[in-house]
1. Of Lys56/Lys185; Lys18/Lys56; Lys33/Lys185; Lys34/Lys64; Lys64/Lys112; Lys27/Lys93, which pairs sit farther than 25 Å apart, going by alpha carbon to alpha carbon?
2. Please give the FRET efficiency for Lys56 paired with Asp117, using the beta carbon to beta carbon distance and R0 = 30 Å, rounded to the nearest 0.05.
3. If you restrict to DSSP beta bridges whose two residues both lie in the chain, what percentage is antiparallel, to the nearest 5?
4. If Rh is defined by the Kirkwood formula over all Cα pairs and Rg also comes from Cα, what ratio Rg/Rh do you get for segment 57-178?
5. Using a basic spin-label model with each label point 7 Å from the Cα along Cα→Cβ, how many nm lie between Asp79 and Asp26?
6. Want the number for Ser188 to Thr95: 0.36 nm per residue separation, take away the alpha-carbon distance, what's left?
7. So what are the ³J(HN,Hα) numbers for segment 131-136, from phi and the Karplus equation (6.51, -1.76, 1.60; θ = phi - 60°), rounded to whole Hz, Gly and Pro as x?
8. Show me 145-154, 76-85, 124-133 ranked by packing, highest mean number of other Cβ atoms within 10 Å first.
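Each reported figure results from applying straightforward, stated rules to the coordinates on display, with no laboratory input. Being a predicted model, the structure only gives us computed values, none of them experimental. Here the Cβ positions follow ideal geometry from the backbone for every residue, glycine too, while neighbour counts run over all protein chains shown.
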Amino acid sequence: MFNHTAYYDSIIADYFNKVNDITQPDKLTISYKKVQECRYGENPHQSAAIYGDFIKQFQLIHGKELSYNNVMDMNAISDLILEFDEPTVAIVKHTNPCGVASADTNVEAYRKAFATDKVSPFGGIIALNGEVDIDFANEVHSLFSEVIIAKSFTDEALSLLSKKKDRRLVIANYDILRQIQLNPKSYSFRSVPNGLLYQQTDNILFHPQQMECVTSRKPTEEEHQKMLFA
């Protein structure tokens, strides 16, 4: 009962903080509802649960419920994939990128990303900023991946990829995720012993005109393009 009234009060406090443009209140109240209990946390001996609206941006269309580690990786890979407009594929394992590539097609981008590291992607997460068609599905089907995230899946691709029951297939609402990422009033948290670090979300995307060469040798055009991608 007291949790319920405290939750209600914190929503009111958060509303007035936004109205009055108070970004770092002296007393920080956080209000999230539990949406899912996890079988365990980062390790089997840790209990865990998911709070808030994060997974509302991801529609699970096949596979078992998302785990704590799945959500951590989905957060990392969605932040990464939103940096690109051209066909791009990213592979992440334990929040670390195993490979990222852009190309004319999603299949070509996946091949380039996978070529970066052919070992670590096992049991990882694959995300692309387009649709999974049957050609892409055939390309990734042999690899064991925990989650495949895309804007959409064709019926043929869904039929093939859903043959593996332990593989989760997720449709991501990248438009909403981009709005959240670019919201100047969006904040992120990191836990520290008995406390939180609290900062404004990094919502500034990189632009080529921000680069300034400060060395005596200027990069070649090929080097310049590679640095822009990195």
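1. Pairs exceeding 25 Å: Lys64/Lys112; Lys27/Lys93.
2. Computed FRET efficiency for Lys56 and Asp117: 0.45.
3. 75 percent
4. 0.91
5. Each label point is offset 7 Å from its Cα along the Cβ direction, giving 3.1 nm.
6. My answer for the length gained is 31.8 nm.
7. 8, 8, 9, 5, 5, 5
8. Numbers: 145-154: 20.6, 76-85: 17.9, 124-133: 22.3.
Ranked from most to least packed, the peptides come out as 124-133, 145-154, 76-85.
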